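What follows draws every value from the coordinates through simple rules; no lab data is involved. Just so we're clear, the structure is a prediction, and the values are computed from it rather than from any experiment. Please note: Cβ atoms are built from the backbone with ideal geometry, for glycine as well, and neighbour counts cover all protein chains shown.
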Amino acid sequence: MAILGVGCSSGGSTAALSTSAGSAAPAAAGILTVYAAASLKASFTEIGTIFQAENPGSTVTFNFAGSSDLVTQLTAGAPADVFASADANNMTKAATANLVTGPPVNFATNILTIVTPPGNPSGITGFADLATPDVSVVVCAPQVPCGAAVASIESNTGVSLTPVSEENSVTDVLGKVSNGQADAGLVYVTDAKNAGDKVTEVDFPEAAAVVNTYPIATLTTAIQPALATKFVDLVTGQEGQQVLAAAGFKPAP
Amino acid sequence: MTTAKAVPARVKRGWAGTGSGLPGWVFAPAVVGGVFIVLPLVAMLVRVQWSSFFELITSESSVAALWLSLKTSTASTVLCVLLGTPMALVLARARFPGLRLARSLVLLPLVLPPVVGGIALIYTYGRQGLLGGSLEFLGLRIAFSTTAVVIAQTFVALPFLVLSLEGSLRTAGRRYEAVAATLGANPTTVLRRVTIPLVLPGLISGAVLAFARALGEFGATLTFAGSLQGTTRTLPLEIYLQRETDPDAAVALSLVLVVVAVLIVLASRGKASRGLL
């Protein structure tokens, strides 16, 4: 690291500057860093704008990525104040690494839906149609939360799929359906909603039984603990819940 | 390099004491650069869980991914040699208007981010792509098949072979070819008996570079071919997926990939340098 530091001194000093500035700033103002699951991008960006309006002088910066990527970065020492995960499993990983302050709060749920290229050319009406041999289906790999949900629906319904591809993220699934490579894909309701008319959504009743819960927590490494708590309150409060509902999320039980 | 060797070592000993003829200060940044490359590999090596290493790399999914990677990389290297050799010959020997432009275009995949390459391939061979409709008509469905992996790998690896071989052709010059031609050999005989044997080391090292690039291909494959065990999930894609749930397995497989790459480079280096000498 010392050797690399010679070549990259500018990056190092910038990080150090923002740290010292952050700790010296009053609690109401400063830069709040939020690590959030990729599926939260649209709604959290909107909540961030509300937060900045309600807390003059504060700036919210986001890092949107797959939840497990975010945990990896946090474990490696990435500086952040808030972590919002797309599943309980990755939040548990963060908690095990002593990154989380207090118990995480569940703030939203999401379920899967079928998406097809615009106009549903294969005429898919339900989950069982996806098992038809000439329908090419793309899903998430079982290792990632959206794929684990697919596996649960398969075991619940007894319909087993033979996907042409098991992607790493829900956005990869969406991409392969919207550009017409696949006949159908399984994504979250919020992703389908966000994609607009690039895909056609086919809801199926069996999806309701497999609910994905989103927890949020402040972090032990927080430079802005007061702002972090305020942000979590906003997300779990009425205003935040309205934004999430508009994006297609269901409230947490 | 040859000029540096031509200078008597004794004259330069006062400068560096290594007989290289280089000023001593050059060595410091060179070592930093070397450490910069090697350090991350060492860091990975430190992280390997040796107790479970064998178990991790022999899991069904790991073996399927390694096998698929070796098969597809071999296929794309063969394609690179078949297509890239004539391309290098034309670029190095032929003269026609637009030659410079042709060379720049051929080397494009080198500078293109692999994801962009993958997107371009979808719009070419995908179901709704430029050629996709005609291919579908012929009963060929490339999307999500192993063929798609080979296409993606060949696309990104081809410039490596062309570049390497074209360099060898230019260095070799045309003297022997000219002599053979004056002795009555027809162009095909000259190519077969003189040109190709002359640039064989360049061809081999080009093929090795292409193989290594194909083996490491990730972005274009993920974008264009998808990810399914045994069909399209090559070793880099498997590593990327394992990392989600089992970082130990990801590290173990990364080490396997590095070892395979190093073995191939070493094996070919031996051959290529023998050829050169």
Distance from the stretch A:167-210 to the stretch B:199-232 (C-alpha centre basis), Å: 30 Å
Antiparallel content of DSSP bridges confined to the protein assembly as shown, in %, to 5: 55 percent
Simple label model, 7 Å out from Cα along Cβ direction - residue B:266 to residue A:155, nm: 4.4 nm
Shape of chain B, Cα gyration tensor, a/c cut at 1.5: oblate
Total charge dipole magnitude, chain A, about the Cα centre, Cβ charges on Lys, Arg, Asp, Glu only, Debye to nearest 20: 660 debye
Shape of the stretch A:112-209, Cα gyration tensor, a/c cut at 1.5: rounded
Residue B:123 paired with residue A:245, simple spin-label distance in nm, labels 7 Å along Cα-to-beta-carbon: 4.2 nm
Radius 13 Å from Cβ of residue B:236, net charge of other residues (Lys, Arg +1; Asp, Glu -1): +1
Test item: B:226-235 mean partner chain Cβ contacts at 10 Å: 4
Selected from A:229, A:49, A:66, residue furthest toward positive end of dipole (chain A; charges at beta carbon): A:229
FRET efficiency estimate (nearest 0.05) - Cβ-Cβ, residue B:36 to residue A:88, R0 51 angstrom: 0.80
Contour minus Cα-Cα distance for residue A:162 and residue A:203 (0.36 nm per residue): 12.8 nm
Amide N of the stretch A:212-236 lying under 20 Å from the label point, which is placed 7 angstrom from the Cα of residue A:75 along Cα→Cβ: A:215-222
For residue A:106, distant residues with modelled amide H under 5 Å away: A:216
Shielding by partners - mean other protein chain Cβ count within 10 Å, residues of B:131-143: 1
Calculated FRET value between residue B:183 and residue B:82, using beta carbons and R₀ = 25 Å, to 0.05: 0.30
Assigned charges on the beta-carbon of Lys, Arg, Asp, Glu; the protein assembly as shown dipole about Cα centre (debye): 3700 debye
Lys, Arg +1 and Asp, Glu -1 on Cβ, resulting dipole of the stretch A:112-209 about Cα centre, debye, nearest 20: 120 debye
For the stretch A:112-209, share of DSSP beta bridges that run antiparallel, in % to the nearest 5: 60 percent
For peptides A:212-220, A:139-147, A:57-65, sequence by mean Cβ density within 10 Å, most packed first: A:139-147, A:212-220, A:57-65
Hz values of 3J(HN,Hα) by residue in the stretch A:200-208 - Karplus curve (6.51, -1.76, 1.60), Gly and Pro given as x: 10, 9, 10, 6, 9, x, 5, 5, 4
Three-way shape call for the protein assembly as shown based on the alpha-carbon gyration tensor, with the a/c threshold at 1.5: oblate
For the stretch A:162-171, 3J(HN,Hα) per residue [Karplus equation, 6.51 cos²θ - 1.76 cosθ + 1.60, θ = phi - 60°, Hz, x = Gly/Pro]: 10, x, 7, 7, 10, 7, 7, 9, 5, 5
Full-extension gain in nm, residue B:176 to residue B:52, via 0.36 nm per residue minus C-alpha separation: 39.0 nm
Residue A:33 long-range amide H proximity, modeled H, under 5 Å: A:61, A:81, A:82
Whole-Hz ³J(HN,Hα) from phi, Karplus 6.51 cos²θ - 1.76 cosθ + 1.60, for the stretch B:33-48, glycine and proline x: x, x, 5, 4, 7, 7, 4, x, 5, 5, 4, 5, 4, 5, 7, 5
Theoretical FRET efficiency, 1/(1+(r/R0)^6), r = Cβ-Cβ of residue B:259 and residue B:99, R0 41 Å, to 0.05: 0.50
CD proxy at 222 nm, helix term only [per DSSP H run n ≥ 4: -39500 (n - 2.57); per residue of chain B; nearest 500]: -24500 deg cm²/dmol
Highest-first arrangement of B:124-134, A:113-123, where packing means the average Cβ count within 10 Å: A:113-123, B:124-134
Amide H contacts of residue A:200 (H built 1.01 Å from N, under 5 Å, at least 5 apart or other chain): A:116, A:119, A:120
